[in-house]
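Inspection log for the structure reproduced underneath, given as structure tokens.
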Amino acid sequence: MFEPHDIKLLKKLKKRTLLDLALIAPTSYEDTTLSSQIEEGKTLTARAVVKGSRIFNGRLYVELFLSDFNRTATAIFFKTTPYHKQLFSIGSEHVISGRAGYFRGSLQISQPKSLKSYGEITPKYKTVLKQSEIRALIAKYVTKENLIKAALKPNEIEAVLKLHFPKSISEVKQDGEFKEEIIQALKSAEAFNHLYKMRKKRTFTPAIKPLNGSIEPFLKDLPFTLTQDQLNAIEDIKKDLSSTKKAAKRIIIGDVGSGKTMVILAAAMIAGKDKSVLMAPTSLLANQLFEEAQKFVSKHLKLALVTQKNSQGDYKEADFIIGTHALLYKDDLPKAALIMIDEQHRFGANQRAMLDAMLKQEGRGAHFLQFSATPIPRTQAMIESELIDISTIKMLPFKKQITTAIIGRSEFNKLLEHIKAEIAQNRQVLIVYPLVEPSSEVPYMSLLEAKKYWQKNFKNVYVTHGKDDEKDSVLLEFRDKGDILLATTVIEVGISLPRLTTIVIVGAERFGLATLHQLRGRVGRQGLESFCYLYTNAKTPPKRLQEFSNTLDGFKIAMLDLKYRNSGDLLDGTIQSGKAFKWLDLSEDEEIIKEAKERIKKFTFAAV
């Protein structure tokens, strides 16, 4: 519907649809309509006749008669030129606009303008375009007829039109802010527009083949029962993989310790002899997944491990190949009908696409499953599900017994007693520091400074961090022999440490809630009573730390994470902030998104 010249302007704005354009909000309005009353401190626009003028102390005082109000006023010009004196000559008529006030009972107007035209409300926009260009675009395309075609609801159409073409400022603003009913309608329109664009982005590729391998032998051999959430995720995968019309695109999001590995192994069983490939972000994680596969599916599938330092089995003959990004450099990797990516956010989009492209066969693609241990907010999941199918695993195989407490310097001696007691029971302790080397900008001891104290006072103390080339071997040795591990957030995702029951996070307020949740998820993996201490020097710890302490549910924490990220309280983390939206707030507007998703199912319309 856009003309070629206007498409160029839209590209400059980085907007594609009519609703993208319609949802650009004016930053202010120039109101030249005649005032119906005089309000102190507010702009007065009125017809005026000049009755006299004088200069005093460098200021020009012009006496005006306001015919609409049948009263006089004094206009004061602090910066004057001969032009002002000539313009406001005695007897001249004007429509003036300026800030009204009172001095000793007399009405004064500060530095008023003499308007060439009046009776209009002109929106002002802050964009890369000239004011005349953006106003012309909006006037041309943001019409009631076009908004109806774009499937907006009547109240949304009314709000958009008021936003750009108000009859009065009070129609759209109250106390200087957009009115609540306007904001709610614009949120709804923005959610609808965003979901529509997401749906248009989604592409489908025919699958190489349907996969229908049986998981019954695998389930029968397990020494435990899977949770209902695990079974539901496996059922979603079974339905996806049984299709030949389109290759699966699904992400399985499991809370920390929810048992994603079992779902991965079940998916490999469904692929069976048609082969599956799993790419993990670190060799440590790949080795751990390989060990689990050996334990639970090696009776049914041929296995292979491919990493830079350690490979096992013949990947050319294997049914289920587990590896790191080293897989991307195997030119002779066999064609697999299923690709899986673990901790998908740790890989770049290019790496994921490379693996996908390597396994394509004559225009047909492998089924594609991604796994993540970072819960996302319900609202984000609802939006993302327009682009990719989502399964969530919230239930844990066993109830976690983790006590979370915020502590400071005064509790340090009690902490030491606790650490000694845990070590005496053959349990392990992890202490996470916010940085490796000292920094004047961070009011906490660094990892390298702290290790002197711990190594002096305790035995079997291990140290590692992100730049440590030997971190994998350090973690493995600590798992078997260690008492205390000093680390940075390198430990956030990775090796399972079944004896780890205490984690101390130094400078906890410096970490995002998503990171804190991942770190806390390192303890209590086997159901043992465990402890998470959030150590802070802050006299008044942030409220978000207290809220974090009160729940172990990663999906609730994801909503808290989003709430505090939007308020600018979050320093890091993995969940997106929702700042991409002008009106919508992902931490509060779940019902609006839910309603927009229902609407999007019912409409098929052109990109207007």
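Out of the stretch 411-428, which residues are assigned to a loop (DSSP other than H, G, I, E, B) and in contact with a Lys or Arg (Cβ under 7 Å, 6 or more places away or on another chain)? Lay out the reasoning, then the answer.
Within the stretch 411-428, the first condition is being assigned to a loop (DSSP other than H, G, I, E, B), and the residues that meet it are 425-427.
If the condition is that a residue be assigned to a loop (DSSP other than H, G, I, E, B) and in contact with a Lys or Arg (Cβ under 7 Å, 6 or more places away or on another chain), then N426, R427 are the ones that fit.
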The stretch 506-524, subset touching a Leu at 6+ places or on another chain (Cβ under 6 Å) and under 21 Å from T379 (Cβ atoms), residue surrounded by the fewest Cβ atoms within 10 Å (Cβ to Cβ)
G512
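Take the conditions hydroxyl-bearing (S, T, Y), at pLDDT 95 or above, under 30 Å from the mean Cα position of the chain (by Cα) and closer than 19 Å to D6 by Cα and apply them to Y125. Does it pass? Break it down into steps so the answer makes sense when it comes.
Details: hydroxyl-bearing (S, T, Y): yes; at pLDDT 95 or above: yes; under 30 Å from the mean Cα position of the chain (by Cα): yes; closer than 19 Å to D6 by Cα: yes.
So Y125 fits the description; yes.
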If a residue counts only when it is within 50 Å of the chain's Cα centre (by Cα) and of a type in the set (A, V, I, L, M), which strands (runs of 3 or more DSSP E) contained entirely in the stretch 7-101 have at least 1 such residues?
43-56
Filter result for G527 (surrounded by fewer than 19 Cβ atoms within 10 Å (Cβ to Cβ) and of a type in the set (G, A, S)):
yes
Whether any residue in the stretch 394-410 is part of a helix (DSSP H, G or I), assigned by TED's automatic domain parsing to the domain that holds A280 and not charged (D, E, K, R) is what I want to check.
no
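Which of the residues belonging to the stretch 255-281 are polar (S, T, N, Q) and either within 26 Å of L552 (Cα to Cα) or not assigned by TED's automatic domain parsing to the domain that holds A349 (or both)?
Quick first cut of the stretch 255-281, residues polar (S, T, N, Q) only: 258, 261, 276.
The answer is S258, T261.
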Among the residues of the stretch 538-580, count how many are modelled with pLDDT of 85 or more, surrounded by fewer than 22 Cβ atoms within 10 Å (Cβ to Cβ), β-branched (V, I, T) and closer than 19 Å to L519 by Cα.
1
Considering the stretch 521-548 alone, what residues qualify as being under 25 Å from V490 (Cβ atoms), in a loop (DSSP other than H, G, I, E, B) and of a type in the set (S, T, N, Q)?
Q526, T536, N537
Within the stretch 264-278, can one find any residue that is at pLDDT below 95, outside any loop (DSSP other than H, G, I, E, B) and closer than 17 Å to S372 by Cβ?
no
Being β-branched (V, I, T) and either surrounded by fewer than 20 Cβ atoms within 10 Å (Cβ to Cβ) or at pLDDT below 95 (or both) is the filter here; which residues of the stretch 405-423 pass it?
I406, I407, I423
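Name the residue that is modelled with the lowest pLDDT, counting only residues in the stretch 210-249 that are among the basic types (K, R) and either over 30 Å from A353 (Cβ atoms) or not in a helix (DSSP H, G or I) (or both).
Just the residues of the stretch 210-249 that are among the basic types (K, R), to begin with: 220, 238-239, 245-246, 249.
When the remaining residues are screened for being either over 30 Å from A353 (Cβ atoms) or not in a helix (DSSP H, G or I) (or both), the result is 220, 245-246, 249.
Numbers: K220: 94, K245: 85, K246: 91, K249: 92.
Restricting to residues being among the basic types (K, R) and either over 30 Å from A353 (Cβ atoms) or not in a helix (DSSP H, G or I) (or both), the top hit is K245.
Suppose we filter A189, A159, A185 for residues that are buried (at least 17 other Cβ atoms within 10 Å of the Cβ), more than 23 Å from F2 (Cα to Cα) and in contact (Cβ under 8 Å) with a residue 12 or more places away in the chain; which single one remains?
Working: A189 fails: more than 23 Å from F2 (Cα to Cα); A159 fails: more than 23 Å from F2 (Cα to Cα).
Testing whether each residue is buried (at least 17 other Cβ atoms within 10 Å of the Cβ), more than 23 Å from F2 (Cα to Cα) and in contact (Cβ under 8 Å) with a residue 12 or more places away in the chain leaves just A185.
The values are calculated or read from the model by the stated rules, or taken from the named source; none is laboratory data. Just so we're clear, the structure is a prediction, and the values are computed from it rather than from any experiment. Please note: Cβ atoms are built from the backbone with ideal geometry, for glycine as well, and neighbour counts cover all protein chains shown.
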